[in-house]
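Working notes, structure below.
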Amino acid sequence: MYYFYVKLNYGDTSFSLELPPERLLAVVRAAAPPSQQKPDELIADALDGCEPILRTFNPGEKVVIVTSDITRYTGSEIYLPLLVERLNGAGIRDEDIEIVIALGIHRRQTEHEHKKIVGSLWGRIKVVDHDCDDPGKLVYLGKTGNGIEVEINRRVAEAARVILTGTIGYHYFAGFGGGRKSILPGVASRKSCMASHFAVLNPAPGAGKNPLAATGVLAGNPVHQAMEEACALVAPSFILNTVLSPDKRIIAAFAGGWREAHLAGCEFYAERFSYPIHERADLVVVSCGGFPKDINFIQAHKSMEYGSQALKEGGVMILLAQCRDGYGNATFFNWFRFKELGAFEAELRRNYEINGQTAYSTLQKAQRFRVVLVSDLPPEEVTAMGMIPVSSLTEAMGKVEVMLPADYTAYVIPEGGTVLPVPVTNM
């Protein structure tokens with residue numbers, strides 16, 4: 001018998017998967033060819049389109065640049081110096097420029113991390129971390145249409161000019177990252193961050209998750225809408241967002257109006273990082289792509305979410321996610337004391353946590369499908385999360401053999417956190 005072989009990364013190592021070729025529907029990969037331009041050329045071309053805006057800047061105006069923290073690589077060490085060079089050309093002095101790191105509710109950055117983020121600007125341009133919990137450093141701007149009170153970083157609110165930077169990629173309930181997300185949750189209060197994420201749930205108790213709060217969806221998405229309305233209260237001068245390849249190289253850059261440039265970047269990303277499927281499979285074997293994409297389960301959940309789009313109802317998923325750092329949050333596993341989705345949702349509405357939302361989404365999929373998790377997590381905890389624990393891909397394939405029909409079909413996804421399977425027919 002002939003077999004199809006593919007290597008799947010796991011932590012710092014890899015497993016080899018072999019499947020009969022007649023069982024394999026496709027190896028799902030992004031269609032993102034490398035750019036013919038160097039990263040600095042892509043950034044420069046994008047910023048050329050912002051020259052009319054930059055000509056309206058006045059010497060002496062305070063300019064704040066918002067950029068992502070170390071958990072989201074964006075190419076900032078490349079684009080921030082080029083952006084500051086343009087600001088200098090517009091008459092803005094270094095001492096009137098400040099970089100605010102959009103931590104959301106994440107931890108403060110170390111000096112080493114600041115250096116990695118700002119590159120050659122270190123020691124030249126002031127860099128500060130956003131603090132979501134310090135009332136003295138926050139300003140109330142107003143409410144969104146769905147009642148979210150928008151409190152943001154005082155430095156950002158009081159700047160004469162605000163420029164948002166970051167990267168565009170899929171987000172499992174905001175649709176896409178980048179753009180408006182630099183404001184909410186990026187530089188918002190903890191209360192505002194939680195409220196914006198809570199919008200993923202339908203308003204009525206027990207009504208579950210809004211189906212439009214989904215990966216790759218902007219139209220009608222209540223989370224995206226809240227983020228856009230919050231961003232409009234700040235009215236940034238422009239944005240600069242990158243698009244990265246699976247190996248974190250800049251392949252495109254978008255700059256200009258914060259709505260228009262972001263939408264153009266999202267359309268570009270969706271064209272290259274979605275994979276059309278004409279039928280769902282009985283089995284999906286998905287790797288996060290290895291370290292650091294599978295450093296913890298919260299990171300790995302993204303691959304689980306995207307891969308599930310290619311799976312038949314009740315089908316089987318093998319998820320390769322080493323999770324060497326555990327879950328990624330101290331309270332994440334505690335949520336799995338709830339085994340019934342209704343009780344889980346009720347508690348989430350009473351005591352909302354962003355990581356609780358990820359746990360809820362995990363349990364939903366664990367109950368819709370049969371999920372075999374290859375990881376370093378304690379087996380008894382994986383079982384408590386509703387999944388089947390194994391320690392190798394060979395063991396996983398042995399487990400699923402009895403779960404699948406003899407004529408099963410399969411997709412293999414080597415970079416699960418990057419590519420989104422998208423049904424192209426009504427299945």
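Residue count for segment 166-208 satisfying the condition of being touching a Phe, Trp or Tyr at 6+ places or on another chain (Cβ under 8 Å) and in a strand (DSSP E or B): 3. Checked against (1) among the small types (Gly, Ala, Ser); (2) within 30 Å of residue 405 (Cβ to Cβ); (3) in a loop (DSSP other than H, G, I, E, B), residue 307 passes all but condition (3). Is one or more of the residues making up segment 268-283 crowded, with 22+ Cβ neighbours inside 10 Å, outside any strand (DSSP E or B), out of contact with any helix residue (DSSP H, G or I) (no Cβ under 9 Å at 6 or more places or on another chain) and touching a residue at least 60 places away in the same chain (Cβ under 8 Å)? Yes, because at least one residue in segment 268-283 is crowded, with 22+ Cβ neighbours inside 10 Å, outside any strand (DSSP E or B), out of contact with any helix residue (DSSP H, G or I) (no Cβ under 9 Å at 6 or more places or on another chain) and touching a residue at least 60 places away in the same chain (Cβ under 8 Å).
For segment 329-345, check the following and say yes or no: at least one residue is of a type outside the set (Val, Ile, Thr) and assigned to a strand (DSSP E or B). No: segment 329-345 contains no residue that is of a type outside the set (Val, Ile, Thr) and assigned to a strand (DSSP E or B).
Scanning segment 361-380 for residues that are touching a Lys or Arg at 6+ places or on another chain (Cβ under 7 Å) and in a helix (DSSP H, G or I) yields no hits at all. Cβ-Cβ below 9 Å, separation at least six or inter-chain, first residue in segment 7-24 and in the same structural domain as residue 292 (by TED's automatic domain parsing) and closer than 13 Å to residue 321 by Cβ, second surrounded by fewer than 19 Cβ atoms within 10 Å (Cβ to Cβ) and acidic (Asp, Glu): which pairs? What qualifies is 11/376.
Output the residues belonging to segment 28-73 that are among the basic types (Lys, Arg) and farther than 30 Å from residue 299 by Cα. Once the filter is applied, which keeps residues that are among the basic types (Lys, Arg) and farther than 30 Å from residue 299 by Cα, segment 28-73 yields 55, 62. Scanning segment 87-128 for residues that are surrounded by fewer than 20 Cβ atoms within 10 Å (Cβ to Cβ) and in contact with a Leu (Cβ under 6 Å, 6 or more places away or on another chain) returns a single hit, 90. Scanning segment 254-268 turns up one or more residues that are among the basic types (Lys, Arg) and more than 20 Å from residue 417 (Cα to Cα).
Does residue 418 fit the bill of being at pLDDT 95 or above and polar (S, T, N, Q)? So residue 418 does not fit the description; no. Taking the criterion of being farther than 24 Å from residue 404 by Cα, surrounded by fewer than 14 Cβ atoms within 10 Å (Cβ to Cβ) and free of Cβ contacts under 8 Å to residues at least 40 places away in the same chain, the residues of segment 330-379 that qualify are 330, 331, 337, 340, 343, 350, 351, 378. Selection of segment 340-391 for residues being among the hydroxyl-bearing types (Ser, Thr, Tyr), more than 18 Å from residue 303 (Cβ to Cβ) and at pLDDT 95 or above yields 383, 391. Quick check on this structure: which one of 219, 253 is surrounded by fewer than 17 Cβ atoms within 10 Å (Cβ to Cβ) and either over 29 Å from residue 318 (Cβ atoms) or small (Gly, Ala, Ser) (or both)? Step by step, each of 219, 253 is checked, and only 219 is surrounded by fewer than 17 Cβ atoms within 10 Å (Cβ to Cβ) and either over 29 Å from residue 318 (Cβ atoms) or small (Gly, Ala, Ser) (or both). Would you say residue 223 is assigned to a helix (DSSP H, G or I), within 12 Å of residue 176 (Cα to Cα) and either under 17 Å from the mean Cα position of the chain (by Cα) or in the same structural domain as residue 302 (by TED's automatic domain parsing) (or both)? So residue 223 fits the description; yes. Out of 394, 383, 358, one residue alone is β-branched (Val, Ile, Thr), more than 27 Å from the chain's Cα centre (by Cα) and either closer than 28 Å to residue 270 by Cα or not in a strand (DSSP E or B) (or both). It is 394.
The values are calculated or read from the model by the stated rules, or taken from the named source; none is laboratory data. As the structure is a prediction and not an experimental result, all values here were calculated from the model. Every residue, glycine as well, gets a Cβ built from its backbone with ideal geometry; the counts of neighbours run over all protein chains shown.
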